[in-house]
Amino acid sequence: MPIATIHSLDNEGRGITRSAEGKAVFVEGALPGEEVDYTVVRKKKTYEQAQIRQIVRASAQRVTPRCAFFEKCGGCSMQHLDSNAQAAVKQRVLENALWHIARLKPGIIYPAIVGAPWGYRYRARIGVRYVPSKGGVLVGFHEKRSSYIADMTSCQILPPHISDMLLPLRELIDGLSVRERLPQIEIAIGDTETVLVFRNLVDVEPADIARLRSFAETHAIQVWLQPSGPASAYRVHPESAPALTYSMPEFGVTMTFRPNDFTQVNVPINRVLMRRSMHLLDPQPGERIADLFCGLGNFSLPIARSGATVIGVEGSDALVARAAENARANGLAERTEFYAANLFEATEDSIAALGKLDKLLIDPPRDGAMAVVRALGPDAPRRIVYVSCNPASLARDAAVLVYEKGYWLKGAGIANMFPQTSHVESIALFERD
């Protein structure tokens, strides 16, 4: 069997080596610097996928996974790598993407933003499945590269009070009439409230409602049902309860959100990422700054607090409404404007219609912001802060900004928003004369 040295990790946390034929080989569970004996499990024309048979020489940074379910559960992929080393590995993933995709090196590598390695996940979507052969209902993340639900009874990346709820949730759902028609639970945790949204594909009977209410009271949470799309979600118990909120005390901002709204998973890291974003953007009173893919105003409101005028653009009408509500609640309505628009179809005319901009913040989903960066005209702002959840799409967009639009990549770095996973959140600064 092949024995090879692992030289890096890919975006999914797999070790990368080369076969005798020069093809990339992605080895599940291998770490940089290790020598491994591997078995190829899938062959493609340009690459191969493999699994470890034996670790011949282990990395000094290899550790015993903290979670008993790590080998099967797909919620994490890097628990076998020391938590302190994960940020450095993710920084290398970012640098490799920028170089191999865009032939770019940042002028400055920003220090990695890191935080608590466990119990950080304030947002999650967990699966539910009734499996009689395994004793009833399973509640948890999917197994690695599988549609099956992992047979897990605790989770180290969920807050302890949610981890402790996994077994009680099994018992709860196993006793519901809709246990075979309840595929997932959305978890949303705010500063003071915890919400569980049960996705019900059929109507819930009165006896089920009674059980859900009792569960909510026992665990001091809010229980919601979602019979259709996200907008259909409604609170079951308690009848009256505070809204979900998260605060950014440094900027005097409190954000209100619904449990189905997109918000950052890791609230403490989001606060530090916000601080760095504001430092790089350096918003000043009187400036006009656009926040593209603004969501419910996560970046818009701190920018407005500086005295700048913010134009937020987002594809979701519901999030645009939420952003405007948050601006009013924080006393920032006069310095904010929010619009709904499909930024994946942005044109030079649509970007120019936003008016003269001094600076720009972009925080797109995984696909990136290619239409936006291509639409930037001669009068585009001199400074762009780009927050990314995908190094590859950031690199593609960076190539356009640098080689076609005349920007310099002044700096880039990562925020370890999802410890124990291969997810890489990053931030980059672009400037032009």
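The values are calculated or read from the model by the stated rules, or taken from the named source; none is laboratory data. None of the values given here were measured: they were computed from a predicted structure. Cβ atoms come from the backbone with ideal geometry, glycine included; neighbour counts cover every protein chain shown.
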### Message
For segment 256-332, give me every one of the helices (runs of 4 or more DSSP H) that falls completely inside it and has 1 or more residues that are within 13 Å of Ile362 (Cα to Cα) and of a type outside the set (Lys, Arg).
### Response
267-281, 300-305
### Query
Of the residues Asp261, Asp208, which is acidic (Asp, Glu) and under 22 Å from the mean Cα position of the chain (by Cα)?
Asp261
### Query
Here is a list of conditions, (1) over 26 Å from Ile187 (Cα atoms); (2) part of a helix (DSSP H, G or I); (3) in contact (Cβ under 8 Å) with a residue 60 or more places away in the chain, and Gln86 meets all of them except one; can you say which number that is?
(1)
### Boolean, Val385 is in the same structural domain as Arg275 (by TED's automatic domain parsing), part of a helix (DSSP H, G or I) and touching a helix residue (DSSP H, G or I) at 6+ places or on another chain (Cβ under 9 Å)
no
#### Entry: Test: Ala68 is assigned to a loop (DSSP other than H, G, I, E, B) and more than 26 Å from Ala399 (Cβ to Cβ)
yes
### segment 404-427, subset in contact with a helix residue (DSSP H, G or I) (Cβ under 8 Å, 6 or more places away or on another chain) and without any contact (Cβ under 8 Å) to a residue 40 or more places away in the chain, residue surrounded by the most Cβ atoms within 10 Å (Cβ to Cβ)
Tyr407
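Listed here are the residues, each with its yes/no results for (1) free of Cβ contacts under 8 Å to residues at least 12 places away in the same chain; (2) outside the structural domain of Gly135 (by TED's automatic domain parsing); (3) farther than 19 Å from Ile162 by Cβ.
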site: Leu176; (1), (2), (3): no, no, yes
site: Leu182; (1), (2), (3): no, no, no
site: Pro206; (1), (2), (3): yes, no, yes
site: Gln222; (1), (2), (3): no, no, no
site: Gly229; (1), (2), (3): yes, no, yes
site: Arg235; (1), (2), (3): no, no, no
site: Met248; (1), (2), (3): no, yes, yes
site: Asn270; (1), (2), (3): no, yes, no
### From the options Ile113, Ile108, residue that is more than 18 Å from Pro65 (Cβ to Cβ), aliphatic (A, V, I, L, M) and crowded, with 20+ Cβ neighbours inside 10 Å
Ile113
### Message
If I go through segment 67-91 residue by residue, how many of them are over 17 Å from Glu28 (Cα atoms), surrounded by 15 or more Cβ atoms within 10 Å (Cβ to Cβ) and of a type outside the set (A, V, I, L, M)?
### Response
3
### Complete set of residues in segment 265-292 that are surrounded by fewer than 22 Cβ atoms within 10 Å (Cβ to Cβ) and within 21 Å of Ala346 (Cβ to Cβ)
Arg288
### Message
Residues to consider are Arg181, Arg213; find the one that is outside any helix (DSSP H, G or I) and more than 22 Å from the chain's Cα centre (by Cα).
### Response
Arg181
### Task
Report yes if Gln61 is within 29 Å of the chain's Cα centre (by Cα), more than 14 Å from Arg18 (Cα to Cα) and touching a residue at least 60 places away in the same chain (Cβ under 8 Å), otherwise no.
no
### Summary
Scanning segment 346-379 residue by residue, those touching a helix residue (DSSP H, G or I) at 6+ places or on another chain (Cβ under 8 Å) and part of a loop (DSSP other than H, G, I, E, B) turn out to be Ala346, Thr347, Pro364, Arg366, Asp367, Gly368, Ala369, Leu376, Gly377, Asp379
### Task
Output the residue which, of all residues in segment 5-56 that are part of a loop (DSSP other than H, G, I, E, B) and in contact with a Pro (Cβ under 8 Å, 6 or more places away or on another chain), is surrounded by the fewest Cβ atoms within 10 Å (Cβ to Cβ).
Ala20
